[in-house]
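Engineer: Submitted below is the structure of interest, expressed as structure tokens.
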Amino acid sequence: MNPPDAAPGALYDRVARDSASRVIAGYSTSFGWASRLLDEPVRTDVRSIYALVRLADEIVDDPDPRLRPKDRSRLLAELEQQTGAALAGERSTNLVVHAFALAAREHGIDAALVDPFFRSMRADLTVTAHDAASLDTYIHGSAEVVGLMCLRVFVDGDESSYTRLRDPAVHLAAAFQKVNFLRDLSEDHSHLGRTYGPELDLDVFDDARRDAVLDQVDADLRSAAQGIPQLPQSSRRAVAAAHGLYRELALRLRRTPSAQIRVRRVRVPGPVKARVLAAALLDGGR
């Protein structure tokens, strides 16, 4: 039984948030590493956002052959319906959805950000090759709106800060997604049957196309860097660390021949991650 002075639902809310943190710990190494630099309660709310993202990603990306396309579509539709109901104030029996809704309702994350995310997840179930226009729409829903959800948490209701930092947040999220397209090139093609844009068509992918994508990444990272010093102290170091990690990944991808990117995932070694972390603690804390 809850203590008599406990707020109604407090135990359920805490268990839901704890469950979201376990999802992040189990699935997301790079994000989990950077998120530890967030101050509380920002860390918990951002992890609650990413746990829902991770759950949807698993529905559309898990290579388990027992999950047929119609099963994935049904599961994703159920998750979207549960999320919408929880955003409207209903208690969800899905603890990850419940944790997400707690953060979303507190920080003004609404359908304008949530709906494009689920549209991009549905696209992963039906679209096997993107052109430039459809890729922009996909990146907006799969990455940019997630960055904006996090920004909502970072600024904690400060609308002027949200407006000012919106563009850097979008660029940072887009850079993350494009780097991940390159890192996951082999798996996206061989296991999932997807091509994320003309430059990433495995039949023609070469060093020049690698560099074309990385030129976009570099431009996005430069734009994103302008916003980091303007972030609140509670999130600045974590965002600086994530920015530094993906900048290092971009450098390593540019040094990696396209033939190798086709067959292996480029990673940042532990000691280099530690160096990036130290730089974020030093510079991002200012």
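Engineer: With every protein chain kept in place and ligands, DNA and RNA left out, what is the accessible area per residue of the range 85-234? Probe 1.4 Å, answer in Å².
Structural biologist: About 42 Å² of surface per residue is accessible.
Engineer: Once the Cα atoms of helix 233-255 and of the chain are each reduced to a long axis, what angle between those two axes, in degrees from 0 to 90 to the nearest 10, is obtained?
Structural biologist: The angle comes out at about 20 degrees.
Engineer: Sticking with this structure for a sec: Once amide H atoms are built 1.01 Å from N in the peptide plane, which residues 5 or more positions from ALA129, or in another chain, come under 5 Å H to H?
Structural biologist: THR195
Engineer: Just the projected area, averaged over all directions, of the convex hull on the alpha carbon atoms of the range 48-110: how many nm²?
Structural biologist: 4.2 nm²
Engineer: For the chain, which whole-number percentage of the solvent-accessible area (1.4 Å probe, protein heavy atoms only) is attributable to carbon and sulfur atoms?
Structural biologist: 53 percent
Engineer: Then there's this: Summing +1 for each Lys or Arg and -1 for each Asp or Glu, what net charge is found among the other residues whose Cβ lies under 12 Å from the Cβ of ASP218? If you can, show how the numbers build up before the last one.
Structural biologist: On the way: positive: LYS178, ARG222, ARG247, ARG254; negative: ASP211, ASP215, ASP220.
Residues near ASP218 contribute +1 overall.
Engineer: Which shape class applies to the range 88-168: rounded if a/c is under 1.5, otherwise prolate when a/b exceeds b/c and oblate if not, where a ≥ b ≥ c are the square roots of the Cα gyration tensor eigenvalues?
Structural biologist: oblate
Engineer: Calculated FRET efficiency, GLN216 and ALA85, Cβ-Cβ r, R0 45 Å, to nearest 0.05?
Structural biologist: Efficiency computed from Cβ-Cβ geometry: 0.75.
Engineer: Using every pair of alpha-carbon atoms in the range 114-272, split the distances into 10 Å bins beginning at 0 and state the percent of pairs per bin, rounded to integers.
Structural biologist: Per 10 Å bin, starting at 0, the Cα pair percentages come out as 10, 38, 35, 15, 2.
Engineer: On to the next question. Evaluate Rg over Rh across the range 1-131, taking Cα atoms for both radii and Kirkwood's formula for Rh. Write out the running numbers ahead of the final one.
Structural biologist: On the way: Rg = 15.7 Å, Rh = 15.7 Å.
With Rh from the inverse mean 1/r over Cα pairs, Rg/Rh is 1.00.
Engineer: What is the sum of charges, Lys and Arg at +1 and Asp and Glu at -1, for the other residues whose Cβ falls under 11 Å from the Cβ of GLY26?
Structural biologist: Neighbour charge sum, excluding GLY26 itself: +1.
Engineer: For ASP13 and ASP203, compute 0.36 nm times the residue count separating them, minus their Cα-Cα distance, and round to one decimal in nm.
Structural biologist: Numbers: separation 190, 0.36 × 190 = 68.40 nm, distance 4.87 nm.
So the chain would gain 63.5 nm between ASP13 and ASP203.
Engineer: To the nearest 0.05, what FRET efficiency results for ARG265 and ASP158 with a Förster distance of 30 Å applied to their C-beta separation?
Structural biologist: Computed FRET efficiency for ARG265 and ASP158: 0.20.
Engineer: Quick check: from the Cα gyration tensor, does the chain come out rounded (a/c under 1.5), prolate or oblate? Mind dumping the intermediate values first?
Structural biologist: Values: a/c = 1.81, a/b = 1.25, b/c = 1.44.
Note, shape of the chain comes out oblate.
The values are calculated or read from the model by the stated rules, or taken from the named source; none is laboratory data. What you are looking at is a predicted structure, and each value in this text was computed from that prediction instead of being measured. Ideal geometry is used to build each Cβ from the backbone, glycine not excepted, and the neighbour counts take in all protein chains shown. Please note that ligands, DNA and RNA were not included when accessible areas were found on the heavy atoms of the full protein model with its side chains. Shrake-Rupley method; radii C 1.70, N 1.55, O 1.52, S 1.80 Å.
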